[in-house]
1. Measure up Lys174/Lys202; Lys174/Lys269; Lys254/Lys277 against 21 Å on the Cα-Cα distance and list the ones that go over.
2. So which chymotrypsin sites (Phe, Trp or Tyr not before Pro) in segment 71-152 are both in a DSSP loop and have at most 16 other Cβ atoms within 10 Å of their Cβ?
3. Output the 0 to 90 degree angle, nearest 10, between the alpha-carbon long axis of helix 268-279 and the longest principal axis computed from the alpha carbons of the chain.
4. Anyone know which of Gln25, Gln263, Gln177 comes out most mobile in the 10 Å Cα GNM of the chain?
5. Can you work out the FRET efficiency for the pair Arg161 and Glu197, with r the C-beta to C-beta distance and R0 = 41 Å, to the nearest 0.05?
6. Assuming 0.36 nm per residue, please report the length gained on full extension of the stretch Trp141 to Asp112 beyond their Cα-Cα distance.
7. Which value, in debye to the nearest 20, gives the size of the charge dipole of segment 278-352 about its Cα centre, when Lys and Arg are +1 and Asp and Glu are -1 at the Cβ?
8. Straight-line reach only, C-alpha to C-alpha below 28 angstrom: list the lysines that Lys151 could link to, leaving out same-chain residues fewer than 8 apart.
Amino acid sequence: MGMRLGINLGYWGAGMDADNLAVAQEADRLGYDVCWAAEAYGSDAATVLTWVAAHTENIDVASGIFQIPARAPAMTAMTAATLDSLSGGRFRLGLGVSGPQVSEGWYGVKFDKPLARTREYVEIVRRAMSRQRLTYEGAHWTLPLPGGPGKPIKLTVHPEREEIPLYIAAIGPKNLQQTGEIADGVLLVFFSPEHAEETTLKHLRAGREAAGRTMEGFDVCPTVPMAVGDDVEALAGLFRPYTALYVGGMGSRKQNFYNQLAQRMGYAKEAAEIQDKYLAGDKEGAAAAVPFELIDSTTLIGPVERVAERMRAYADAGVTTLSLAPAGLSLDERLTSLRAGAEALERAGLAA
């Protein structure tokens, strides 16, 4: 049994542009399989991935994620086809609905019926990338618009491959099930091997079965924060603000997917306390309320031997690509973690 490694660059900018490129290039040299770039309301992923693809040779470049409210589906198909062509067949398309604050506040797109919108969006993107003449009749998109001058047209760019791998970022049970049904892979966060079956895999499997498929060939790809060193408690502290931000402050009190995930993992009381403190402005208190066990089960922390042991747990839980998010303010710290990740995979006996 093998498991591939990825690197998640997160967001571009904040003075880390050259560092991020160096991280991607080192991951390419070390044999990492894929490099993900994110977007929210700062850097866009498409431009970053073009830059990375131009300065690497073998590693795949992937959107983690393109936000669905940011682009018309046909535009996403154009971008995916162009990136795949320019990179020599190294592009993977990751999609997600974002959240209500960004969707409505930044893009002016109502955050409603996210599952139905995602399904239609994926159908249109796949149809456009297949170079069929584009027609579609759905609840959210109709192409061409009726009664006007629009006509069915097809993509003029030829992607390097007939089918570009399509991933969806999913957290909730219904989204996970639909992702298993309509996508080639899933992008996950706060993934715990100990809770994987109940929180994640059973829902993905149900979706695959609904589509008449198995999990064979489906890429289960969590992003996992990582820090290497001997003091495990101190390393966990590096991720307290990050965990508190997502569990406590990402989204509204009623609509926080990460808080709900923490509850499903058995941390209902702690999740409520983290959210109460974070939304009251006590970010330090929220971080202090994050249990060590929650951090330890959703990150890779400790010496290389401990990281290797945890990597085996991820592989045993069904992970096929483990994307690392190395901690560290300096480039040297991030590169050290990157190399330690490759070493840990070897020690775990999981390298392809």
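1. Lys174/Lys269
2. Those satisfying the criteria are Trp106, Tyr107, Trp141.
3. Compared with the principal axis, the helix lies near 80 degrees.
4. Gln263
5. Plugging the Cβ-Cβ distance into 1/(1 + (r/R0)^6) gives 0.80.
6. Difference between extended and current length: 9.0 nm.
7. That gives segment 278-352 a dipole magnitude of about 180 debye.
8. Qualifying lysines at Cα under 28 Å: Lys110, Lys113.
Each reported figure results from applying straightforward, stated rules to the coordinates on display, with no laboratory input. What you are looking at is a predicted structure, and each value in this text was computed from that prediction instead of being measured. Glycine also receives a Cβ, built like all others from the backbone with ideal geometry; neighbour counts cover every protein chain displayed.
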